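The values are calculated or read from the model by the stated rules, or taken from the named source; none is laboratory data. On a predicted model such as this, the values are computed, not experimentally measured, just so you know. Please note: Cβ atoms are built from the backbone with ideal geometry, for glycine as well, and neighbour counts cover all protein chains shown.
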Amino acid sequence: MDKAGEQRQFTVLMRILHWLMAAMVLTMLAIGVAMVASLGDYHRLVSIHRPLGIAILIVVVIRFVIRQLSTLPPFPASMSSRERFIAHASEVLLYTLLFVLPLIGWGMLSAARFPIVLYGPLHLPPILPHSVMLYAFLRRTHTVLAYLLFLAFIAHFGAILFHTLVVRDGLFSRMAPWRVDAR
Amino acid sequence: MPSDSTASVQPQPAPLSRGRTLVRLGGIGVVLLCAVGVFLYLGGWFSPNALTPGRFVNAFERADGVFSGFRRNHAKGVGVSGYFESNGQGARLSKAVVFRAGRVPVIGRFSFGGGDPHVADAPNMVRGLGLLFWLPDGEQWRTAMVNLPVFPFQTPQDFYDNLVASQPDPKTGKPDPEKMAAFAASHPATVRAISMIQSHAPSSGFDNTAFNSLNAFRFIDAAGMSIPVRWSLVPVEPVVALTTTGTPPTDKSYMFDAVIASILQHPLQWHLIITVGRPEDPTNDATMAWPDGREQVDVGTLTLDHIESEETSPARDINFDPLVLPSGMAPSDDPLLSARSAIYSQSFTRRAGEAKTPSAISGAEVGK
């Protein structure tokens, strides 16, 4: 084992959660943008979108708690304090969106009095009163934040490509799915 | 420590030449553009002519106009409520809780087809009844039924093309007969369905109208067996044929006034009849009736004992999405079903955020 000061990677559990969420969230964004433009596949896609959103909500809460309990690897020495601040702010933004988007989805279905069906008879209770005005506001917010999440993903993806291919400071190894040993 | 995997974590690799840096930056740009492109492609940004829920609702809006706060189709209506009393006979067909013997509350809405919420009542317009069954434990069953025996269109595209073809010509104020004829010539199923619809004379009012699910659905029983079904609400009120003699009523809402007066006098009732299809019966074609002689099961009685204006009825703020189904019911392979769900949702989302304007059937109208 590395000594704490030499830890270069997120813990195995945090890396598993990261890549699991990456797959879930990219699937979710693809389903979300496709279903609102679809007639024939709308119902099938919505039936996946709802439980997958709730699954993301559960995983992001677990991940946040585990993150609080874990020692995080340091940023590479090559990153300036401004870069570190931006990286940190983007992490806060991503966590916030991943938490808030499913909650808004749940809330907007509640405000429209749709049943929040997960699978078969399994469903969630409404968390907001019946109000179509509230539904309309949350429905718009859901779209705006989903596009913001997609842009945040693009920025996150672009930043890691830049660090890996141009700066080459080993930033990716912190979250690499495989084990990268320290010096 | 192994040293062969540490190159990637060296803090200071040899600097890249300017040329190689630019090539790598360009490569990153291409990868990101591809990711954005896939996202936009999935969202239909590169297929501007594909039929989407938004474009479908636009066609309704072009046909009838936009009336703030109203449904884009079946705009004129009145709210009702009551209960469904299941006799338990449906429990062998579907495990849905609604078919266990007992009573569940229902809210609903009578309506006329079309996007004009102030249209004058006319017996030949399509009559709708949307229902929401509140099941125990928070499950719901929603169904949007009409009085037609079959639906005139096989696919969402057919429905859309007909909406476009029957658009009034701005010069004449009437649909272009050539476009209508061209649509009919290329859609024999629609012609067949319309002649069947026209052979069924409408009844005198909402209270003695039979309403049909139109689309086929599937029921799943406790053992997991799935069967094709359609359902109908058959009125307990005696069916009175429409009288076409005498002076036509002058009140624009005379049919709504009649059903209001009727419910204020005594509750109205319908039998919920499930028609069980055979494996060979088409479930993907709402223009086709199933052959006579299919098993029909009376599973219970719908009672509507309360009627109120949309201004106060919770039904105004309900989307009677036909795919809000309890466990034990499922969509069939009818392509209209998913499209109805998508288009109703689009219409609901648009009207939900608009200012609500008074319904043609006002609270005073219901109270008088």
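If the requirement is being surrounded by fewer than 18 Cβ atoms within 10 Å (Cβ to Cβ) and of a type in the set (Lys, Arg), which of these qualifies: A:Arg15, A:Arg63?
A:Arg15
Could you list, in sequence order, all residues of segment B:264-297 that are part of a strand (DSSP E or B) and among the β-branched types (Val, Ile, Thr)?
Answer for segment B:264-297, where residues must be part of a strand (DSSP E or B) and among the β-branched types (Val, Ile, Thr): B:Ile273, B:Ile274, B:Thr275, B:Val276, B:Val297.
Answer yes if at least one residue in segment B:152-164 is of a type in the set (D, E, K, R) and away from chain A (no Cβ under 14 Å), and no otherwise.
The answer is no; no qualifying residue exists.
For segment B:84-142, how many residues are under 11 Å from B:Pro326 (Cα atoms) and among the hydroxyl-bearing types (Ser, Thr, Tyr)?
1
If the requirement is being at pLDDT 95 or above, in contact with a strand residue (DSSP E or B) (Cβ under 8 Å, 6 or more places away or on another chain) and either in a helix (DSSP H, G or I) or exposed (fewer than 14 other Cβ atoms within 10 Å of the Cβ) (or both), which of these qualifies: A:Leu109, A:Leu161?
A:Leu109
Hey, could you check segment B:309-327 for residues that are at the interface with another protein chain (Cβ under 8 Å from one of its Cβ atoms) and crowded, with 22+ Cβ neighbours inside 10 Å and say which is nearest to B:Gly363 (Cα to Cα)?
B:Ile318
Given the residues B:Ala360, B:Ala330, B:Ala342, which is the only one that is in the same structural domain as B:Val146 (by TED's automatic domain parsing) and closer than 29 Å to B:Asn215 by Cβ?
The match here is B:Ala330.
Restricting to segment B:242-277, give me the number of residues that are free of Cβ contacts under 8 Å to residues at least 40 places away in the same chain and within 30 Å of B:Pro156 (Cβ to Cβ).
0
For B:Ile227, which of the numbered conditions (1) among the aliphatic types (A, V, I, L, M); (2) in a helix (DSSP H, G or I); (3) touching a strand residue (DSSP E or B) at 6+ places or on another chain (Cβ under 8 Å) fails to hold?
Condition (2) is where B:Ile227 drops out.
Among the residues of segment A:78-119, count how many are of a type in the set (Gly, Ala, Ser) and more than 29 Å from A:Met133 (Cβ to Cβ).
6
Scan segment B:35-58 and give yes if some residue there is more than 11 Å from chain A (Cβ to nearest Cβ), in contact (Cβ under 8 Å) with a residue 24 or more places away in the chain and closer than 30 Å to B:Phe206 by Cβ, otherwise no.
Checked segment B:35-58: at least one residue is more than 11 Å from chain A (Cβ to nearest Cβ), in contact (Cβ under 8 Å) with a residue 24 or more places away in the chain and closer than 30 Å to B:Phe206 by Cβ.
Please tell me if B:Gly300 is at positive phi, away from chain A (no Cβ under 14 Å) and in a loop (DSSP other than H, G, I, E, B).
Taking the combined requirement at face value, the residue does not satisfy it.
Based on what the data block shows, is B:Arg24 modelled with pLDDT of 95 or more and basic (Lys, Arg)?
For B:Arg24, the condition - modelled with pLDDT of 95 or more and basic (Lys, Arg) - is met.
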